[in-house]
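The values are calculated or read from the model by the stated rules, or taken from the named source; none is laboratory data. Since the structure is predicted, the reported quantities are computational estimates derived from the model, not experimental observations. Reconstructed Cβ throughout: ideal geometry from the backbone, glycine too, with neighbour counts over all protein chains shown. Accessible surface areas use protein heavy atoms only, side chains included; no ligands, DNA or RNA. Shrake-Rupley method; radii C 1.70, N 1.55, O 1.52, S 1.80 Å.
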Amino acid sequence: MRSTLALFALGAAVALACTSDTSGGTAPPAAEPRAHLRDLKGSVKVKRAAGDDWVDATAETPLFENDKVKTGPDSSAFVAFSNGSHVALGEEALVSIAETSPRPGLDRTDVTVLQGRIDAELDDAKQSLSVSTPSATVRAGREIVFQ
Amino acid sequence: MTALLSSIALALWLSAAAPAEITVQAGEDLPKVARRALGDERAASELKALNGLESEALREGTVLKLPGPGRALAVSALTAARNALRQAGADGPRNIEAARQLADAEALFQAAKYQEAAKAADGAWRLVSADARGPTQFSVHVDGDGKTEVKAKAGQPVRVEAEGVVQPLYPGETVVVTKGEPPKKAGEEPPHPALEAPIPLFPAEKAKLELKPSPGGLGPIALSWKAVAGAAAYEVEVVPAAGGKPLSLRVEKPEAKIDALPAGKYTWTLRALSEKGRSERSAKLLFEVAPDTLFLKVKTTKWK
């Protein structure tokens with residue numbers, strides 16, 4: 001009887017975890033957000049890693065790994081990472097929030113810029129930020145250049 | 001699968017990290033090799049340290065190790081530190097300490113300790129550069145073709161990586177990266193890979209060329225080889241196997257024509273040339289110039 005109850009409780013917990021949605025869209029692929037969207041201006045849309053649709057973003061929308069963000073003409077947004085670094089997206093930009101668990105042999109990336117312009121800033125020299133594009137990887141942060 | 005990917009990554013890293021080598025040619029000393037390999041005779045001290053040599057005299061055929069990609073990083077850091085120190089002047093304890101660190105960096109560079117040199121130079125740069133204080137800021141712009149422009153604006157330098165080449169970027173500097181190419185600083189040519197030695201095609205090794213008489217011997221003799229990427233010209237040398245004065249030619253296409261040579265055996269070799277330097281010498285091939293027997297038979301027949 002005790003084991004039956006335990007199984008029921010586990011099943012309920014799994015079902016609850018699978019249906020929880022902290023962003024108003026489809027279920028996030030990771031428990032902890034990598035970043036949050038702030039200072040939205042104009043048209044800013046988000047596509048979840050597991051979703052097919054672009055949905056309008058709102059301030060403080062959490063961003064999880066492999067989520068995508070795009071801005072329209074005359075639009076901008078601010079992506080604040082949990083480590084304190086931040087990235088400002090210019091108009092008509094398309095970025096992807098990168099994976100926390102990189103593939104073997106590959107370095108970690110925080111954000112991938114697929115198109116458009118971003119302006120990045122690291123508040124503290126102890127932080128680091130890695131930006132990938134289709135042709136290059138940019139790494140910033142204290143002591144990272146000659147490692 | 002994970003192990004396979006790791007192995008591939010390791011193999012790629014090892015192949016990228018494999019140091020290049022250069023073979024000493026006749027009459028070359030260390031400064032000449034440094035000029036040929038690195039474009040600067042002053043790099044002789046680096047080659048000396050890197051190869052554990054005791055003098056600048058070299059024996060032909062000696063294979064020397066060349067610096068790896070860490071040298072370019074160190075050059076970039078040293079350049080940034082020298083410029084920052086020049087602007088900051090020599091007054092004040094901070095600048096004096098920076099000058100001391102830069103001198104250390106220069107000495108480490110001469111000793112071919114490139115990573116240590118880069119760190120020391122970066123430390124000197126941080127001490128005197130106003131840009132080094134405050135938050136690190138940079139921008140990244142990607143166009144529709146994936147071409148990336150990175151601009152370092154303030155704070156610490158950023159590192160731009162593409163195609164196995166790492167380019168440190170100091171505040172105020174901009175780098176452009178085209179897909180499939182290494183980073184290229186604005187107004188700067190991309191790093192030039194060393195020219196490959198040409199591969200001679202014709203005359204092949206031990207080929208016997210039966211030729212008609214021509215003023216000066218027998219001819220004509222056509223030579224050809226595989227074109228080398230990045231080569232602006234080629235230097236061809238034909239040497240009589242029995243000894244004698246070599247014949248040198250300089251041509252722009254991967255072919256050359258010699259009007260005539262006396263009958264006999266010859267070796268030929270060549271190298272590719274560009275404004276950045278010369279390639280290693282190609283393989284040396286032996287060929288023979290002989291009279292065309294059929295032609296001679298016609299000339300000596302009694303029927304005429």
Summed buried accessible area for B+A [probe radius 1.4 Å, Å², rounded to 100]: 2700
Search the structure for amide H atoms under 5 Å from the amide H of B:T174, placed 1.01 Å from N in the peptide plane, and list their residues when 5 or more places away or on another chain. B:A186
Evaluate the distance, in nm, between pseudo-label points positioned 7 Å from the Cα of A:E91 and of B:R94 along their respective Cα→Cβ axes. 4.0
Given backbone amide H placed at 1.01 Å from N, residues whose amide H is under 5 Å from that of B:A263, ignoring those fewer than 5 places away on the same chain, are B:L218
Tell me the accessible surface of B:E56 in square angstrom (1.4 angstrom probe, heavy atoms of protein chains only), to the nearest ten. 80
Can you work out the Karplus-derived ³J(HN,Hα) for every residue in region B:229-241? Use 6.51 cos²θ - 1.76 cosθ + 1.60 with θ = phi - 60°, whole Hz, and x for glycine or proline. 4, x, 7, 9, 7, 9, 10, 10, 10, 10, 10, x, 5
Roughly how compact is region B:35-103, stated as its Cα Rg over 2.2 N^0.38 Å to two decimals? 1.48
Considering chain B as a Gaussian network with a 10 Å cut-off on Cα pairs, which listed residue, B:K185, B:K284, B:K245, attains the greatest mean-square fluctuation? B:K245
Within a Gaussian network of chain B (alpha carbon springs, distance under 10 Å), most fluctuating of B:P157, B:P215, B:P240: B:P215
Simple spin-label model, 7 Å along Cα-to-Cβ: B:L201 to B:S55 in nm? 4.5
Just the number: Rg to Rh for chain B, Cα atoms, Kirkwood Rh, two decimals. 1.14
Could you size up the charge dipole of chain B around its Cα centre, putting +1 on the beta carbon of Lys and Arg and -1 on that of Asp and Glu, and report it in debye to the nearest 20? 980
Scalar couplings 3J(HN,Hα) for region A:86-91 by Karplus 6.51 cos²θ - 1.76 cosθ + 1.60 (θ = phi - 60°), nearest whole Hz, x for Gly and Pro, are 8, 9, 9, 8, x, 5
With every protein chain present, what is the per residue accessible area of chain B (1.4 Å probe, Å²)? 56
Name the residue, out of B:A88, B:A118, B:A43, whose mean-square fluctuation peaks in a Gaussian network model built on chain B with Cα pairs under 10 Å. B:A88
If I stretch the segment between B:Q87 and B:V239 completely, what's the gain in nm (0.36 nm per residue apart, minus their alpha carbon distance), one decimal? 49.2 nm
Taking each residue in B:150-160, count the Cβ atoms of any other chain within 10 Å of its Cβ, then average. What number comes out? 6
Using a basic spin-label model with each label point 7 Å from the Cα along Cα→Cβ, how many nm lie between A:E32 and A:S82? 0.4
Count of Lys pairs (Cα-Cα under 15 Å; at least 8 positions apart or interchain) in region B:77-188: 6
Distant-in-sequence amide H partners of B:L201 (H built 1.01 Å from N, under 5 Å): B:S224, B:W225, B:K226
May I ask you to evaluate 6.51 cos²θ - 1.76 cosθ + 1.60, the Karplus curve with θ = phi - 60°, for each residue of region A:62-78 and list the ³J(HN,Hα) values in order in whole Hz, giving x for glycine and proline? x, 10, 10, 4, 6, 5, 10, 10, 9, 10, x, x, 6, 10, 7, 7, 10
Between B:A20 and B:E252, what's the calculated FRET efficiency when r is the beta-carbon distance and R0 is 25 Å? Round to 0.05. 0.40
What number, rounded to the nearest 500 deg cm²/dmol, is the helix-based mean residue ellipticity at 222 nm of chain B, given -39500 (n - 2.57) per DSSP H run of at least four residues and division by all its residues? -9500 deg cm²/dmol
Relative contact order for chain B: what percent, with Cα pairs under 8 Å and sequence separation of 6 or more? 12
